[in-house]
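The structure appears right after this line, and notes come after that.
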Amino acid sequence: MTKQITAWIQAAPMALVLLAFLVAPIVMIVIVSFWGATEYSIYPAFQFDNYQFLFGSPVTYTVFFNTLKYALITWALTLGIGFTVAYFLAFEVRSLKWQIALFLICTIPFWTSNIIRMISWIPFLGRNGLANSTLISWGVIDAPLEWLLFSDFSVILAFVHLYTLFMVVPIFNSMMRIDGSLIEAAKDGGATAWQTLCHVIIPLCKPGIMIGTIFVTTLVMGDFITVRFMSGSQRANVGRLISNDISLLQYPSASATAVVLLVTVLIVIGLLLRLVDIRKEL
């Protein structure tokens with residue numbers, strides 16, 4: 001009994017912090033999502049007008065589709081890049097010092113803010129930017145490519161640049177935990193490099209892949225500033241929709257959209273957690 005009381009006392013401070021800064025704000029957002037609003041005021045109520053308007057508008061489905069599209073494409077690209085980088089660091093670099101040095105190099109972009117890293121692509125991808133100028137000088141194209149900037153391409157490129165490291169770190173952590181004798185046993189058994197990768201390395205890296213997937217998808221689905229800047233305000237996702245409602249002081253509508261986004265993200269995470277037990281990685 002004494003041990004149970006001690007455990008509760010030890011967990012109480014963190015529980016209070018989570019209650020105050022995580023649970024309470026979410027509860028408040030849910031409550032406000034049922035309030036009403038006019039052009040000039042917000043009034044407490046319990047009504048479903050915000051949800052009816054949200055699900056009754058075709059714009060909502062287009063915006064959610066764009067959000068899921070960005071998340072899926074970004075996930076696929078970051079997974080490919082992240083797995084390749086992690087594999088190189090874990091299995092091709094033998095020296096621990098070089099592993100640490102190269103891993104720190106991967107973190108260099110995080111030494112600056114997301115906005116600076118994002119905006120740095122604009123002069124590179126612009127109509128008269130370095131990419132178009134180089135392609136024209138090489139004779140690859142005759143006129144500047146308009147779709148390089150302020151398009152889905154530039155949005156996804158910025159997402160991949162910003163969030164690839166969130167895929168590299170957990171996969172690299174999983175690979176470093178793989179017992180080298182397992183790989184040696186596979187080679188001794190006649191397995192090719194591809195068979196070793198598919199039947200040994202990837203299955204043992206599933207928890208890391210799943211953690212990286214959760215990080216990337218949740219970050220992309222909640223992002224709004226990247227879509228705004230890199231699309232030139234020509235594209236929208238759910239985060240942008242919430243931001244617009246807040247700028248118009250339509251907090252009940254923004255709260256309803258946030259609740260739907262939260263439920264969507266939780267469903268996605270729930271489905272992912274049913275595929276792999278990430279507790280092995282924690």
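The values are calculated or read from the model by the stated rules, or taken from the named source; none is laboratory data. The structure displayed is predicted, hence computed values, not measured ones. With ideal geometry, Cβ positions are generated from the backbone for all residues, glycine too; neighbour counts draw on all protein chains shown.
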Quiz item: Out of the residues in segment 58-72 that are surrounded by 15 or more Cβ atoms within 10 Å (Cβ to Cβ) and β-branched (V, I, T), which is farthest from T257 (Cα to Cα)?
Solution: T67
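Restricting the search to segment 73-109, which residues are touching a residue at least 24 places away in the same chain (Cβ under 8 Å) and exposed (fewer than 12 other Cβ atoms within 10 Å of the Cβ)?
Of all residues in segment 73-109, those touching a residue at least 24 places away in the same chain (Cβ under 8 Å) come to 73-75, 77-79, 81-83, 85-87, 89-91, 103, 106-107, 109.
If the condition is that a residue be touching a residue at least 24 places away in the same chain (Cβ under 8 Å) and exposed (fewer than 12 other Cβ atoms within 10 Å of the Cβ), then T107 is the only one that fits.
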Self-check item: segment 214-253, subset of a type in the set (A, V, I, L, M) and closer than 21 Å to D49 by Cα, residue surrounded by the most Cβ atoms within 10 Å (Cβ to Cβ)
Solution: V238
Quiz item: Can you tell me how many residues in segment 23-42 are under 26 Å from the mean Cα position of the chain (by Cα) and farther than 14 Å from I246 by Cα?
Solution: 7
Practice problem: Specify the residue that is nearest to V93 (Cα to Cα); the eligible residues are those in segment 140-193 that are surrounded by fewer than 20 Cβ atoms within 10 Å (Cβ to Cβ) and in contact with a Leu (Cβ under 6 Å, 6 or more places away or on another chain). | Solution: I178
Practice problem: State all residues of segment 205-231 that are over 18 Å from L271 (Cα atoms), charged (D, E, K, R) and out of contact with any Gly (no Cβ under 7 Å at 6 or more places or on another chain); if no residue qualifies, say none. | Solution: R228
Quiz item: Quick one: how many residues across segment 114-167 are assigned to a helix (DSSP H, G or I) and among the small types (G, A, S)?
Solution: 5
Exercise. Examine segment 194-212 for a residue that is under 18 Å from T67 (Cβ atoms), at pLDDT 90 or above and either aliphatic (A, V, I, L, M) or surrounded by fewer than 18 Cβ atoms within 10 Å (Cβ to Cβ) (or both), and state whether such a residue exists.
Key: no
Practice problem: Could you give me the residue pairs with C-beta distances under 8 Å whose first residue belongs to segment 122-144 and is under 23 Å from S231 (Cα atoms), whose second residue is assigned to a helix (DSSP H, G or I) and of a type in the set (S, T, Y) wherever it lies, and which are 6+ apart or on separate chains? | Solution: L125/S154
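Would you check if I178 is farther than 30 Å from M118 by Cβ, in contact (Cβ under 8 Å) with a residue 24 or more places away in the chain and part of a loop (DSSP other than H, G, I, E, B)? I'd like the intermediate steps shown before the answer.
Values: farther than 30 Å from M118 by Cβ: yes; in contact (Cβ under 8 Å) with a residue 24 or more places away in the chain: yes; part of a loop (DSSP other than H, G, I, E, B): yes.
Criteria met by I178.
Could you list, in sequence order, all residues of segment 202-236 that are under 15 Å from the mean Cα position of the chain (by Cα), assigned to a helix (DSSP H, G or I) and aromatic (F, W, Y)? First the steps, then the outcome.
Taking segment 202-236 and keeping what is under 15 Å from the mean Cα position of the chain (by Cα), we get 208-227.
Cutting the leftovers down to assigned to a helix (DSSP H, G or I) gives us 208-222, 225-227.
Within segment 202-236, F215 is the sole residue that qualifies.
Residue-wise test of (1) closer than 20 Å to Q234 by Cα; (2) in contact with a helix residue (DSSP H, G or I) (Cβ under 9 Å, 6 or more places away or on another chain); (3) not hydrophobic (A, V, I, L, M, F, W, C).
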site: T107; (1), (2), (3): no, yes, yes
site: I122; (1), (2), (3): yes, yes, no
site: F150; (1), (2), (3): yes, yes, no
site: M167; (1), (2), (3): no, yes, no
Self-check item: Where W121 falls short, out of the listed (1) farther than 30 Å from P170 by Cα; (2) surrounded by 10 or more Cβ atoms within 10 Å (Cβ to Cβ); (3) modelled with pLDDT of 85 or more
Solution: (1)
Quiz item: Which condition does V140 not pass, out of (1) closer than 28 Å to V220 by Cβ; (2) modelled with pLDDT under 85; (3) of a type in the set (V, I, T), if it passes all the others?
Solution: (1)
